[in-house]
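See structure below.
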Amino acid sequence: MMIKNCSLLTPDFEIAQNQAIAILDSKIVAIGSYSELQQTYAADSVLDGKGKLCMPGLVDAHTHTCQQLLKGRTADELPMIWSRILVPYEGNMDEQDSYVSAQLSCLEMIKSGTTAYADAGGVHMHKVIEATIESGMRAAITRSAIDIGDFLPDTMKQPLEAILDNNEWMYKNYHGKGDGRIQVWFGIRQVMSCSPELITAAAQKAREYHTGLHMHLAEHRDEVRYCLEKFKQRPVEYLESLGVLGPNLLTAHNVVYSEQELEILRERQVKIVHCPRANFNSHGFPKTPRMMQMGMSIGIGSDGAAGSNLSLWDEIRVFRSGMHAFWGLPVFDPLVMPAKDLLRMITTGGAQALQKEQEIGTIEVGKKADVILVNIDQPHIMPTRNLLNTLIESVTSKDVEDVIIDGKLVMKNREMLTLDEERIMYESAARMESILQKAGI
């Protein structure tokens with residue numbers, strides 16, 4: 001495949017004009033002018049990028065595909081939404097519910113320019129994997145891991161051995177599937193719903209299989225209070241005492257940290273993921289400017305569609321405004337969250353969170369061809385004096401026109417090529433009410 005005549009977002013976040021990209025199998029093999037590439041490569045198909053910006057596919061580094069059919073349900077709700085609504089809902093889903101929910105999630109993600117994601121886990125995650133393979137997306141997926149918690153329904157709890165056995169079964173049967181697009185990770189839901197034994201065992205299994213570990217961490221003050229009362233340590237200190245922290249750990253939310261905890265996370269090279277809209281609505285404002293100063297890896301996640309949608313464009317737009325209002329305005333610092341850093345978070349930061357920075361996250365020769373084409377030849381985008389700023393403030397999901405994942409075209413001119421959009425929309429609407437009735441919410 002060849003993409004011709006496009007603008008290109010370079011790895012150092014500059015804009016190169018009139019570029020062409022040659023793709024062979026799953027990888028980018030050449031970048032340059034179209035006339036130069038034509039002398040070496042004969043393309044089976046050519047995608048015209050005139051008026052479009054070619055950039056890396058976005059990476060949603062923390063989501064919940066099994067919550068897709070809760071869209072619109074959790075807004076204007078009192079705490080604790082997680083224990084009152086989200087967990088009971090997931091606990092009443094059957095395999096087909098999870099499959100359809102994942103299909104709709106992949107459909108929404110692709111149509112907004114997301115090409116890879118990390119799922120924090122539900123119950124029937126093998127069906128999520130199957131839907132993801134069909135969609136053409138790349139993903140790091142784990143199962144739900146909950147073995148304690150008086151505030152949680154028994155339907156969501158399992159003995160430690162069953163949790164690990166199920167996760168191992170999923171790893172052995174699905175890791176590397178989809179031409180290598182699927183990673184199976186181990187999971188820790190959060191410190192309040194996982195025993196110390198489960199936390200330690202999950203981390204050990206992740207190391208044993210040389211794979212990732214995904215958990216919610218420092219999401220809200222109740223979590224800090226729980227750890228202080230039960231272990232006389234803050235959450236990060238507690239996990240450090242269990243030997244859990246390391247470069248393969250992806251932590252979601254990351255709001256309520258002390259300076260000492262940040263130092264430990266940086267030293268252990270833990271991957272930080274923020275979920276701006278979820279955090280601002282319920283938990284608070286993270287110390288992201290400080291994390292950036294410390295050189296920590298930072299990605300962005302949607303946290304699922306229950307509260308909003310899966311658009312990372314919306315996430316970073318809200319994030320920029322929230323960070324400026326909370327950290328910038330009080331000290332008159334308009335540069336507290338530059339556009340370049342936000343773009344880095346949804347591309348290279350997400351790739352680092354998924355432990356795939358050597359393969360995705362930038363458009364470079366030798367990397368996987370996970371790229372999107374954004375129609376910038378529109379009055380709400382062009383002309384502009386600074387395209388990076390305009391990308392952050394003006395681009396929406398609907399401006400993404402073409403999506404290529406692993407060298408394969410999965411959406412062209414906003415038409416899905418891998419998923420039956422009409423059928424998925426119909427089945428999703430039919431299943432939405434039935435799940436809510438089963439869950440009693």
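With the simple model of a label 7 Å out from the Cα in the direction of the Cβ, M425 to K177 spans 2.8 nm. Taken one residue at a time, the phi angles of segment 194-207 give Karplus couplings (6.51, -1.76, 1.60, θ = phi - 60°) of 10, 5, x, 5, 5, 4, 5, 5, 5, 5, 5, 5, 4, 5 Hz. Gly and Pro are set to x.
Close amide-amide hydrogen proximity is noted between K27 and A369, each under 5 Å apart and 5 or more residues distant or on a separate chain (H modeled in the peptide plane; Pro and chain starts excluded). Its residues counted as N, segment 125-212 yields a C-alpha radius of gyration over 2.2 N^0.38 Å of 1.11.
Proximity of backbone amide H atoms, modeled 1.01 Å from N, is registered between G299 and I272, V273, H274 at under 5 Å, excluding neighbours fewer than 5 places apart on the same chain. Helix 259-268 and the longest principal axis of the Cα set of the chain meet at an angle near 60°.
When only alpha carbons are used to place a centre, segment 273-297 and segment 104-158 end up 23 Å from one another. Seen against the Cα atoms of the chain and their longest principal axis, helix 421-439 is set at about 10 degrees. When shorter helices are ignored and each DSSP H run of at least 4 residues is given -39500 (n - 2.57), the per-residue value for the chain at 222 nm works out to -10500 deg cm²/dmol. Near T396, once Lys and Arg are set to +1 and Asp and Glu to -1 for all other residues with Cβ below 14 Å from its Cβ, the sum equals -2.
Computed from backbone phi with θ = phi - 60° and the Karplus coefficients 6.51, -1.76 and 1.60, the 3J(HN,Hα) list for segment 360-375 is 9, x, 9, 9, 9, 4, x, 8, 4, 8, 10, 9, 10, 10, 9, 6 Hz; x is used for glycine and proline. Relative to the longest principal axis of the Cα atoms of the chain, the long axis of helix 312-323 makes an angle of roughly 70 degrees. In plain terms, the chain is cut at each of the trypsin sites (Lys or Arg not before Pro) found in a DSSP loop with at most 12 other Cβ atoms within 10 Å, and the longest leftover piece is 51-231.
Accessible area ranking (1.4 Å probe, heavy atoms, ligands and nucleic acids excluded), largest first, for D222, D420: D420, D222.
For the pairs K50/K408; K71/K368; K50/K111, flag any whose C-alpha to C-alpha distance is greater than 29 Å. Spell out each step's value before the answer.
Working: K50/K408 20 Å; K71/K368 32 Å; K50/K111 20 Å.
Check vs 29 Å cut-off fails for K71/K368.
Cross-link partners for K230 among the lysines, with Cα-Cα distance under 29 Å and sequence neighbours closer than 8 places in the same chain left out: K157, K205, K271, K287. About the centre of its Cα atoms, the chain shows a dipole size close to 540 debye [charges on the beta carbon of Lys, Arg (+1) and Asp, Glu (-1) only; nearest 20 debye]. When all alpha carbon pairs of segment 66-113 are counted in 5 Å bins from zero, the resulting P(r) reads 5, 20, 25, 22, 16, 11, 1 %.
The values are calculated or read from the model by the stated rules, or taken from the named source; none is laboratory data. Please read all numbers here as calculations on a predicted model, not as lab measurements. When we count neighbours, we look across all protein chains shown, and the Cβ atoms used for this are built from the backbone with ideal geometry, even at glycine. Just so you know, the surface numbers come from the protein's heavy atoms only, side chains and all, with ligands and any DNA or RNA stripped out. Shrake-Rupley method; radii C 1.70, N 1.55, O 1.52, S 1.80 Å.
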